[in-house]
Every structure is written in structure tokens, then in C-alpha cells.
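Every number in this text was worked out from the coordinates using simple rules, so none of it is lab data. No experiment lies behind these values; they were computed from the predicted model shown. All Cβ positions, glycine included, derive from the backbone under ideal geometry; neighbour counts span all protein chains shown.
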Amino acid sequence: MAARKKAASKRPVEHGGRYASAFDIFSDSIRTTFDLNIFIAPLMAIVFGIIAIIATLVLSVPFIIAGALFSAAGTAAVAPMIALIAIGILIFSAIIVVSSAIISGFYYKSVDEYISGKKISIEKNIKFAIAEWKRLVAIYLIKLLICLVIAALVMAPAVLFVISALAISGNEITAAISSESTTELITALGPVFVVLGAVLALLIAIMFFINPLLFLWFPTAVFEKKPAMECVKKGYYEGKAKYKRNLAAIFLMGLIGCVVGIFSMFNPTYIIGIILGIWLELASIVMIIKIYREGA
């Protein structure tokens, strides 16, 4: 009996005897967010985020300010100035990365808890995320590193082109700046804008198509007691198993994101845009958890 229950818990989500389609998962995720009680998770994540930002500033800004003060002492104080600013930036970056991983772990754990039991244990979930911070940070950094490497490989040719274009067209650009003509400046920088726009579009497309192979890494680390690389491996293969379906689900959520983004641009108060942004992030996490639970 226990074996049958365990096997049943590992079956993919089904809708009327069939496996969940992209639209099934997408629509289920949107419907889940209609229960306002689930918004306790993002609201508490925001509170923890504010606390983390305050702690980051308190611990890092004094070093940066002290380094800046050394600049008034002349060239003899360049070394300590650089050292203090570097320490401040390192502390700032470290706290941001660690706190982001912990808060994300809390967020995923809380949303999953509410989906399964209609309750959220805030204290228990934040303690869990803090206790598992090493694995969560490792996954966070691995994914971030991969994204940075991809961005660097895509952007490097564009940067070289921009440098070359600026060197070749330096006189024209200088003349356009001197003329104070916006039209002439845009004309002179036209090729640069075109190349940067094309590269940005290419980077977005690449990240979109590889996202189904990356997006299950973090929930795997949250919900399973495995080493970081095992979480990466399992998350990769689970994402690959239903790549097209998952890509379609991400695309549907992305369309909603575009609508929210456009609406926010024309919303002078930005308040509704912020609320919709919180809702969209929650819906996205719900969708990721539902996809993860299919293969768990």
C-alpha cells in the first residue's frame, strides 16, 4: 500500500486522464493565484528583502564611505582607498546573493506549502531556507554564472563592433555632438543602436530557449536533500524530458508578462504595475512548482 501511494505521488499532474498540457499548467497556475491568502508568501518575501537591503547597506556602505574619504588624502592613500571600496563591494555582493537565495528558498517553500495544505508556516520556512543556505546559494551562483557566460559570449562581438564603429566614426560622432543636433547624433550612432538591439534580441531569445533546462534547478534544491550538482543534473533532465511543453508554458506566462509590462509603462502611479508584477512573479513560481511536482 505504501509503495502504491509513493508511486501515485510521483505521477504527473493529469487532466481528465491525460497529462497536463502547457495551457493546463498555465491556467491552473493563474487560478491558484486567485486565492488571496497565497499572497502572504510574496508579501513576506518583500519584508525579508527590505530587511536584507537594510543589513546590506549597514554592513557595506561604511567601507565604501571610508574608502571614498581616503581619496582626499592624495595619491599616497590610493591603495587603502581601493581596498576599502573593494571590501565594501564584496560584502554588498555577498549579502545580496546569499539573502536572495534564502528569500527565494522561503518563497518556493511557502508557495508549495500553501498549494498542498492551504497554510504557510512563515517561521518554519525561513528557518528551513537559512539552514539550507549553502545549497541554495550554490545553485543560485551556478545558474547566475551560466547566464553571465552566455551573455558575455553573445555580447562580446557586439562590444568589439561598437568599439570599432566608435573609432572609425569618431570624427562624425564628435561633429554630431558639437552640432547639438539629436537627429545627426542618432544618424551617426545608428549602426551601433542597430547592432546592440539585434544582440539584445538574440540574447533574450537564447535565454528563453534554454530556460526550460535551467528553471527546475532551484526548486529541486529547495525540495530535495541532494548536493548542488545533483540538483542541477536532475533539474536539467526533468526540464529536458518535457522541453516543448515547458517552453510553451513559459511562453504563455511571458505573454502575460509583456501585457503587465506595457500596462506599467502607461500607469503614471506605478502602484498597479507593482501589484501586477508581484502577482506575475507569484504565478510564475506556482507554475514552476507545479511542473516540478510532476516529476518529483
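Here is a yes/no grid of residues against (1) among the polar types (S, T, N, Q); (2) loosely packed, with under 13 Cβ neighbours inside 10 Å; (3) assigned to a helix (DSSP H, G or I):
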{"position": "TYR237", "(1), (2), (3)": "no, yes, yes"}
{"position": "MET253", "(1), (2), (3)": "no, no, yes"}
{"position": "ILE256", "(1), (2), (3)": "no, no, yes"}
{"position": "GLY277", "(1), (2), (3)": "no, no, yes"}
{"position": "SER284", "(1), (2), (3)": "yes, no, yes"}
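Conditions tested, residue by residue: (1) surrounded by fewer than 18 Cβ atoms within 10 Å (Cβ to Cβ); (2) in contact with a Gly (Cβ under 7 Å, 6 or more places away or on another chain).
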site: GLY88; (1), (2): no, yes
site: GLY117; (1), (2): yes, no
site: ALA129; (1), (2): no, yes
site: TYR140; (1), (2): no, no
### Task
Can you work out which of the residues in segment 25-52 that are farther than 17 Å from TYR108 by Cα and free of Cβ contacts under 8 Å to residues at least 24 places away in the same chain is surrounded by the most Cβ atoms within 10 Å (Cβ to Cβ)?
SER27
